[in-house]
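What follows is a single structure, written as structure tokens, with notes after it.
The values are calculated or read from the model by the stated rules, or taken from the named source; none is laboratory data. Keep in mind that what you see is a predicted model, and the values were worked out from it rather than measured. All Cβ positions, even for glycine, are placed from backbone atoms using ideal geometry, and neighbour counts span all protein chains on display.
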Amino acid sequence: MATESEGEEETAAAGVGGKLTGSPQLAVDGGDLREMAKKAAWSVSSCKPGNGVVALRDDNLDTYWQSDGAQPHLVNIQFQRKLKLQLVVLYVDFKLDESYTPSKISVRAGDSFHNLKEIKTVELVKPVGWVHISLSGTDPRCVFSPSAYSETFIHTFMLQLAILSNHLNGRDTHVRQIKIFGPRPNPVPRQPFHFTSREFITYSTLR
Amino acid sequence: METLMVDRIHSSLRLFMHRNAIFLCERLCAEFPSELNLQLLATCYLHNNQAYCAYHILKGTKLPQSRYLFAVSCFQMNLLSEAESALCPPNEPNSEVPNGAAGHYLLGLIYSYTGRRLAAVDHFMQALVVDPLFWAAYEELCILGSAEEANECFNDAAAIRVQQQYSAESSLQKLNLANDNGVLPSNLGDTSPRKSKQLYCNNTRDIPAHPYGMATSALQQGNSMPSSVAQYDTPSPTVTQLSGVVPPPLCRNAQIYLNAMGGEVTTRLNVNAANQVPRRKYVDEAKLRKVSGRLFSDSGPRRSTRLSGEATANTNLNVSQVGGNGVNHSSARFLGGYSTSSSSKMSSAAQRSVTVRKGQTLSTENFDEGRRHEVFDDLLRLDNTATTSSAASNVADGRWPAQDRSGGILAQDSRLMDGIRDLLGLLRTLGEAFRLSCLYRCQDALQVYSKLSEKQFNTGWVLSQVGKAHFELVDHFESDRYFELARRLSPYTLEGMDIYSTVLYHLKEEMKLSYLAQELISVDRLSPQAWCAVGNCYALQKDHETALKTFQRAVHLDPRFAYAHTLCGHEYVALEDFENGIKSYQSALQVDERHYNSWYGLGVLYLRQEKFEFAEHHFRRALHINPRSSVLMCYLGMALHALKRNGDALEMMVQAISADRKNPLPMYQKAQILLSLERYEEALEELEHLIAFAPRESSVYALMGNIYKQLNIHDKAMFYFGLALDLKPPAADVAMIKSAMEKLYLPDELEGDL
């Protein structure tokens with residue numbers, strides 16, 4: 001599973017996020033998870049010229065997106081089809097960005113713009129580095145209380161990150177990178193379960 | 001001056017001083033323009049990897065050897081249609097393919113690259129007929145899947161053909177040699193005997209090579225003879241074609257030639273050139289006239305036969321020359337031979353070397369030398385002329401030495417025969433094993449390989465092939481072992497290393513794989529195999545984008561390397577880019593239709609896209625090529641199950657299980673099919689068996705849990721779900737199992753609450 005700095009942030013049951021401070025390492029379990037949003041359509045509510053949405057996906061922590069409008073600032077990610085998502089990771093740096101650093105982020109999911117529902121809110125406290133926001137247990141269709149029925153993923157067409165407020169009451173915000181993670185597909189097609197033992201994996205595919 | 005230049009050129013080529021050779025040759029062509037000189041110049045360019053130069057200077061030439069060299073240049077420049085029309089002019093449908101076996105082989109390659117498989121097969125077969133020791137042709141036939149059994153191709157009839165070819169040459173040689181009996185043993189240069197005889201020494205090269213002197217119309221067959229020389233001892237067909245070996249002999253010949261020219265008919269054998277010169281003329285003719293007759297006829301007629309045989313070939317070239325004139329001509333011949341021969345020479349050379357290897361006789365040593373010379377020679381003509389000339393000289397020198405020689409020749413003949421038989425035996429074993437492994441009858445292939453002698457078995461090529469056979473049997477440990485041995489014995493070999501990298505990928509040996517990749521890159525940065533290994537490294541780390549880029553690089557480096565295309569396809573599918581995946585797999589199949597991995601890849605792709613009929617079709621094609629693969633059978637069964645043809649699917653699974661007892665997957669799939677048919681008890685039985693095979697496989701327990709859930713045996717279901725979770729499956733499975741467990745309890749909870 002993803003090794004995340006979640007411990008600080010998450011209380012087991014509550015759908016409300018805890019306080020996040022981020023970590024310097026993007027510690028995501030590459031074996032289980034893969035980045036899902038490479039083919040998605042990314043858009044932002046506003047941006048300063050030269051600091052556009054591209055900076056969020058360029059794998060460069062020196063470039064950042066700077067918003068240029070009213071709060072809340074929105075980052076919209078639309079997928080080509082309904083995907084299982086597990087984790088959102090964003091890179092912010094209080095030391096560099098100070099009042100531009102987001103402090104309250106709301107994660108919304110749905111089919112499209114008019115169908116979004118908030119699934120999680122997190123509060124960041126002077127974060128420096130990668131902030132992991134787990135989407136487990138946040139499926140809006142989850143009927144049972146989270147403790148009894150943990151849904152690891154959410155199934156959605158669209159994700160929206162809304163930056164509701166910044167540190168020191170800054171108006172605009174800087175975000176340096178965003179990544180979205182979901183589960184890897186089973187390399188063997190049409191199987192309900194993954195294979196774990198060597199005997200099975202050896203014979204499971206040809207190369 | 002011409003001869004002098006030719007000699008220097010040959011010696012430069014032999015010593016790989018290409019710039020020198022090219023410069024001198026250009027001066028030669030300017031001073032003495034002739035097609036033979038052009039051929040020599042083209043050969044120089046080809047040696048220096050300047051196929052485009054050779055292409056331009058040979059464009060439009062008509063002599064067979066020129067056409068052959070032109071075809072080689074076109075082939076290297078990837079101008080396949082021009083190469084084809086050079087070898088097989090469209091308005092002369094009956095013209096003979098130049099350079100016999102090598103020409104047929106080249107044509108075969110062209111046809112197979114342009115998708116005309118039947119024609120390719122036909123030409124490869126012809127190449128083998130002309131030269132039964134032409135391994136590369138047999139190899140291509142195996143790859144195309146149409147090889148006959150090795151016993152058919154490398155049998156006694158073949159031995160006789162080879163022998164005839166050699167005897168033609170050797171008879172001439174013998175004649176030459178006869179002049180100086182000491183020639184055989186001493187004649188290191190083999191050329192010497194020949195040369196000693198005459199200015200036409202060029203041909204003598206051939207002669208010494210085949211001291212066996214079985215007279216045949218071999219001279220005429222000169223083409224076939226040389227071509228028949230097994231390319232076996234050259235590392236790759238193209239090498240032979242380019243007659244990489246050529247330079248040394250030429251030089252030597254040139255030398256001898258020069259010596260002869262110098263008026264001393266001496267070859268090491270001390271031939272009295274003087275005498276020979278005049279006789280040469282008609283001796284040659286005599287030789288040219290008769291071709292065979294050796295051992296048992298007297299040397300005179302024999303010689304004449306050979307002479308006539310050769311003469312026919314060389315008539316245009318040499319016969320007319322005598323003495324000084326001859327020098328020029330010889331040089332011309334020499335040059336011509338040089339440029340043309342490669343394949344034939346190589347073959348004869350190879351043959352010689354083979355015999356050398358067998359260490360049969362002193363003559364084999366001569367052979368070795370002769371071989372080299374031969375390599376350079378113009379296939380037929382020079383050989384023939386040389387032999388004729390040498391024979392002529394021999395004849396000229398005196399009949400009685402010839403008689404003596406005939407005795408020696410007989411002995412040599414039998415040794416030649418033994419040598420040929422041994423070589424054919426070796427090729428038979430290797431050919432059969434290779435053919436079986438191309439048909440994916442790997443167990444049989446391994447058996448045949450084990451029949452090889454120890455020294456042959458412990459070579460890079462054989463060990464790689466054995467490793468590949470084990471890989472096809474999904475025995476990755478053994479495969480790893482053999483490939484490692486192969487690498488230790490020949491660390492510079494790249495062939496087969498792409499398969500080794502896949503083996504390591506399957507074994508998940510990251511360290512070994514990255515080490516292999518680095519080593520291969522350092523050996524040759526431009527080889528597709530090295531980049532395939534690098535790509536597999538990235539793929540093992542699940543970095544599919546970088547892996548894809550690396551495989552694409554391999555494709556750029558060699559678009560005719562099918563496996564690179566297939567690996568690209570696999571990476572596209574991992575990235576869920578199905579369109580490009582299909583394109584890659586289809587490119588792989590265009591290169592090699594029998595690359596069953598690509599058929600399999602397409603099948604999996606269509607399975608994912610839920611186009612089940614397509615999937616079934618592709619799996620069947622793959623199975624058709626490799627009928628013993630249990631993995632393929634299992635996948636075909638999965639496709640059939642998806643098509644709801646459960647009866648067929650079950651049958652397929654049973655077949656897969658019996659094809660490879662160690663493969664647990666068909667049993668698992670069978671259980672799944674039974675579950676979907678609601679035959680719960682049988683499904684559970686299968687899974688119980690499976691637990692014995694793979695006790696730590698989470699999916700087995702999860703499936704059992706599902707079955708018990710269906711049967712409403714909740715406690716057992718919980719038990720097995722728990723077991724499955726204990727084995728730490730990935731998050732997706734955990735979620736599913738947990739939710740299944742929740743659903744189990746729900747009804748109870750609700751009841752309990754009431």
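General observations
- Members of the stretch A:49-95 that are within 19 Å of A:Trp130 (Cα to Cα) and assigned to a loop (DSSP other than H, G, I, E, B): A:Arg57, A:Asp58, A:Asp59, A:Asn60, A:Leu61, A:Asp62, A:Thr63, A:Tyr64, A:Gln86
- Meets criteria (more than 13 Å from chain A (Cβ to nearest Cβ), in contact (Cβ under 8 Å) with a residue 24 or more places away in the chain and more than 24 Å from B:Ala547 (Cα to Cα)) for B:Pro627: yes
- Of all residues in the stretch A:163-194 being of a type in the set (A, V, I, L, M, F, W, C) and within 18 Å of A:Gly52 (Cβ to Cβ), the one that is farthest from the other protein chains (Cβ to nearest Cβ): A:Ile163
- Qualifying residue in the stretch B:694-713 (condition: of a type in the set (Asp, Glu) and in contact (Cβ under 8 Å) with a residue 24 or more places away in the chain): yes
- Residue match in the stretch B:598-615 (condition: on the phi > 0 side of the Ramachandran plot, out of contact with any strand residue (DSSP E or B) (no Cβ under 9 Å at 6 or more places or on another chain) and in contact (Cβ under 8 Å) with a residue 12 or more places away in the chain): yes
- Looking only at the stretch B:717-750, residues that are surrounded by fewer than 17 Cβ atoms within 10 Å (Cβ to Cβ), at pLDDT 85 or above and either more than 10 Å from chain A (Cβ to nearest Cβ) or closer than 15 Å to A:Thr196 by Cβ (or both) come to 4 in all.
- So B:Val97, is it β-branched (Val, Ile, Thr), modelled with pLDDT under 90 and touching a Gly at 6+ places or on another chain (Cβ under 8 Å): yes
- Residue check for B:Glu686: within 13 Å of another protein chain (Cβ to nearest Cβ), surrounded by 22 or more Cβ atoms within 10 Å (Cβ to Cβ) and among the charged types (D, E, K, R): no
- Only listed residue being over 28 Å from A:Val28 (Cα atoms) and part of a loop (DSSP other than H, G, I, E, B), chosen from B:Glu651, B:Glu682, B:Glu678, B:Glu688: B:Glu678
- Helices (runs of 4 or more DSSP H) fully within the stretch B:9-70 counting 3 or more residues that are over 22 Å from B:Ala86 (Cα atoms) and among the hydrophobic types (A, V, I, L, M, F, W, C): B:18-31
- Residue match in the stretch B:617-633 (condition: over 31 Å from the mean Cα position of the chain (by Cα) and over 30 Å from B:Ile110 (Cα atoms)): no
- Qualifying positions in the stretch A:18-40 - away from every other protein chain (no Cβ under 14 Å) and surrounded by 12 or more Cβ atoms within 10 Å (Cβ to Cβ): A:Gly18, A:Lys19, A:Leu20, A:Thr21, A:Gly22, A:Ser23, A:Leu26, A:Ala27
- Boolean, B:Tyr492 is in a helix (DSSP H, G or I) and not small (Gly, Ala, Ser): no
- Of the listed requirements (1) within 17 Å of A:Tyr203 (Cα to Cα); (2) more than 12 Å from every other protein chain (Cβ to nearest Cβ); (3) crowded, with 24+ Cβ neighbours inside 10 Å, B:Ala622 misses just one: (2).
- Test: residue in the stretch B:691-698 that is assigned to a helix (DSSP H, G or I), within 9 Å of another protein chain (Cβ to nearest Cβ) and either buried (at least 18 other Cβ atoms within 10 Å of the Cβ) or polar (S, T, N, Q) (or both): yes
- Matching residues in the stretch B:564-582 - criterion: being surrounded by fewer than 23 Cβ atoms within 10 Å (Cβ to Cβ) and either within 14 Å of another protein chain (Cβ to nearest Cβ) or without any contact (Cβ under 8 Å) to a residue 12 or more places away in the chain (or both): B:Ala574, B:Leu575, B:Glu576, B:Asp577, B:Phe578, B:Glu579, B:Asn580
- Residue list for the stretch B:60-78, filter: more than 21 Å from the chain's Cα centre (by Cα) and under 27 Å from B:Pro559 (Cβ atoms): B:Arg67, B:Phe70
- The set of residues from the stretch B:699-716 being in contact with a Phe, Trp or Tyr (Cβ under 6 Å, 6 or more places away or on another chain) and either surrounded by fewer than 20 Cβ atoms within 10 Å (Cβ to Cβ) or more than 14 Å from chain A (Cβ to nearest Cβ) (or both) comprises B:Leu711, B:Lys716.
- Members of the stretch B:598-639 found to be closer than 15 Å to B:Tyr440 by Cβ and not assigned by the TED database to the domain that holds B:Ala671, listed by number: B:Ser598, B:Trp599, B:Tyr600
- Filtering the stretch B:453-472 for residues that are of a type in the set (Asp, Glu), under 22 Å from B:Pro627 (Cβ atoms) and in contact with a His (Cβ under 6 Å, 6 or more places away or on another chain) leaves an empty set.
- None of B:Asp122, B:Asp131 is farther than 16 Å from B:Glu432 by Cβ, of a type in the set (Asp, Glu) and surrounded by fewer than 24 Cβ atoms within 10 Å (Cβ to Cβ) except B:Asp122.
- Within the option set B:Leu665, B:Leu640, B:Leu675, being without any contact (Cβ under 8 Å) to a residue 40 or more places away in the chain and either under 19 Å from A:Thr196 (Cβ atoms) or more than 13 Å from chain A (Cβ to nearest Cβ) (or both) holds for one residue only, B:Leu665.
- Conditions (1) free of Cβ contacts under 8 Å to residues at least 40 places away in the same chain; (2) surrounded by 21 or more Cβ atoms within 10 Å (Cβ to Cβ); (3) over 18 Å from B:Leu540 (Cα atoms); (4) not aromatic (Phe, Trp, Tyr); number of the one not met by B:Ser490: (2)
- The set of residues in the stretch B:640-654 being closer than 18 Å to B:Tyr600 by Cβ and either among the hydrophobic types (A, V, I, L, M, F, W, C) or not assigned by the TED database to the domain that holds B:Ala671 (or both) consists of B:Leu640, B:Ala642, B:Leu643, B:Ala649, B:Met652, B:Met653.
- Qualifying positions in the stretch B:534-551 - hydrophobic (A, V, I, L, M, F, W, C) and either within 12 Å of another protein chain (Cβ to nearest Cβ) or touching a strand residue (DSSP E or B) at 6+ places or on another chain (Cβ under 7 Å) (or both): B:Ala539, B:Leu540, B:Ala547, B:Phe551
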